[in-house]
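J.: Quick one: the structure is below, questions incoming.
The values are calculated or read from the model by the stated rules, or taken from the named source; none is laboratory data. Because the structure is a prediction, the values reported are computed rather than measured. Reconstructed Cβ throughout: ideal geometry from the backbone, glycine too, with neighbour counts over all protein chains shown.
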Amino acid sequence: MAPYAAREGVDLQVVLGQSLTKSVMKVAAGRLDLAVAPPPAISEMKVGTGPYKGSPEQAKKLSGDLRALFGFFASAMHGIVWADSGIESWKDLKGKRVFIGPPAGSAAGQAAGMIAEASGGLQAGSDYEGIKLPWGAAVQAFQDGQFDVYVGFYPVGSQALNELSLQRPIRILSVSDEVIASPGWADYSRQQVTGLATIPANTYSGQVNADQAIKTGTTLMMVVTNSKLDDDTAYKVTKAFWDNIDAMKQANALMTPIDAADPFTGVNVPLHPGAVRYYREKGIEIPADLM
């Protein structure tokens, strides 16, 4: 997005490798202008729980200063096992060691919730060992045999995951249509603010069950800013993203799931007035709860 924002007169300095839950606090405090934010983290920030339990009052107060520009589909949850592990479905996880995400953040809750629904009720801690490690250490730990199942959060078609599958054949676990149609899955999706992703057949070269499409949960993200950001800048950043989404998809296929028809995917804080101006110009109806 940065080159397109530059055309609108906005200089974006992009910093990678940050903890999103911490970045959201920095945005709310005015120390950053923008951040990608997981909606479940915002929910916890509003009540001072989860990663914000150490300073709950500050988190609750600062959450009121957050404003959204847009939301989008992000990474699909890939339930990965080695092809020769004997694990062929989510129900086979009982008694296994399962990586579910980092120690802090929203991923572990999202992964554990999906496992509970897809497996018929298996719970981390009692039915299987839920392992938490930093993202960077997880892939190597899986390759070293430190756990049996790796719930990796990747955009569909990730080259990094494709390279992993070429080193040693993998199987990706799918959520059944019956589970997806159940009230429990709907409750999980609402509580954890997740969507539904389909990994098309033959997406990964070394996947032994590549002849079938895989259905799984997907994370939703949004770009947030501070209520004090000037309206014109918020408008230009929103415009830069949506007016150029097709070009960005052509440049980066991992952005393909982003749906321009639903710019409020996962958004759970009020929109910034500058973003509201853009959507009104485009004739896009804005949900009342986001005003």
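J.: Report, by residue number, each residue of the range 1-34 that is within 18 Å of Val237 (Cβ to Cβ), assigned to a helix (DSSP H, G or I) and without any contact (Cβ under 8 Å) to a residue 40 or more places away in the chain.
T.: Ala2, Pro3, Ala6, Ser23, Lys26
J.: Same structure, new question: So how many residues does the range 151-199 have that are over 18 Å from the mean Cα position of the chain (by Cα), at pLDDT below 95 and not charged (D, E, K, R)?
T.: The number of residues fulfilling the criteria is 5.
J.: Further, regarding this structure: Taking the residues in the range 35-89 that are surrounded by fewer than 19 Cβ atoms within 10 Å (Cβ to Cβ) and part of a strand (DSSP E or B) as candidates, determine which candidate is modelled with the highest pLDDT.
T.: Looking at the filtered set, the residue picked out is Trp82.
J.: Find the helices (runs of 4 or more DSSP H) located wholly in the range 231-291 whose residues include 2 or more that are of a type outside the set (Phe, Trp, Tyr) and touching a Gly at 6+ places or on another chain (Cβ under 7 Å), and list them.
T.: Details: elements: 231-242, 245-251, 273-281.
The helices (runs of 4 or more DSSP H) meeting that bar are 231-242.
J.: If Asp259 satisfies all but one of (1) closer than 22 Å to Asp65 by Cβ; (2) in contact with a strand residue (DSSP E or B) (Cβ under 8 Å, 6 or more places away or on another chain), what's the number of the condition it fails?
T.: Going through (1) closer than 22 Å to Asp65 by Cβ; (2) in contact with a strand residue (DSSP E or B) (Cβ under 8 Å, 6 or more places away or on another chain) one by one, Asp259 breaks only (1).
J.: Can you pull out every residue in the range 205-230 that is in a loop (DSSP other than H, G, I, E, B) and either over 22 Å from the mean Cα position of the chain (by Cα) or at pLDDT below 95 (or both)? Working first, answer last.
T.: As a first pass, look at the range 205-230 and keep what is in a loop (DSSP other than H, G, I, E, B): 205-206, 208-213, 227-230.
Within the range 205-230, Ser205, Gly206, Val208, Asn209, Ala210, Asp211, Gln212, Ser227, Lys228, Leu229, Asp230 meet the criteria.
J.: Here is a further query. Would you be able to tell me the number of residues in the range 104-120 that are outside any helix (DSSP H, G or I) and closer than 16 Å to Gly79 by Cβ?
T.: Going through the range 104-120, the residues outside any helix (DSSP H, G or I) turn out to be 104-106, 120.
The next check asks that each one be closer than 16 Å to Gly79 by Cβ; those that pass are 120.
Of the residues in that region, 1 qualify.
J.: For Asp84, state whether it is over 21 Å from Tyr188 (Cβ atoms), charged (D, E, K, R), assigned by TED's automatic domain parsing to the domain that holds Leu173 and touching a residue at least 12 places away in the same chain (Cβ under 8 Å). Don't jump to the end; show me each part of the working.
T.: On the way: over 21 Å from Tyr188 (Cβ atoms): yes; charged (D, E, K, R): yes; assigned by TED's automatic domain parsing to the domain that holds Leu173: yes; touching a residue at least 12 places away in the same chain (Cβ under 8 Å): yes.
So Asp84 passes the test.
J.: Could you please find all residues in the range 212-241 being surrounded by 20 or more Cβ atoms within 10 Å (Cβ to Cβ) and in contact with a Pro (Cβ under 8 Å, 6 or more places away or on another chain)?
T.: Answer for the range 212-241, where residues must be surrounded by 20 or more Cβ atoms within 10 Å (Cβ to Cβ) and in contact with a Pro (Cβ under 8 Å, 6 or more places away or on another chain): Thr218, Thr219, Leu220, Met221, Met222, Ala234.
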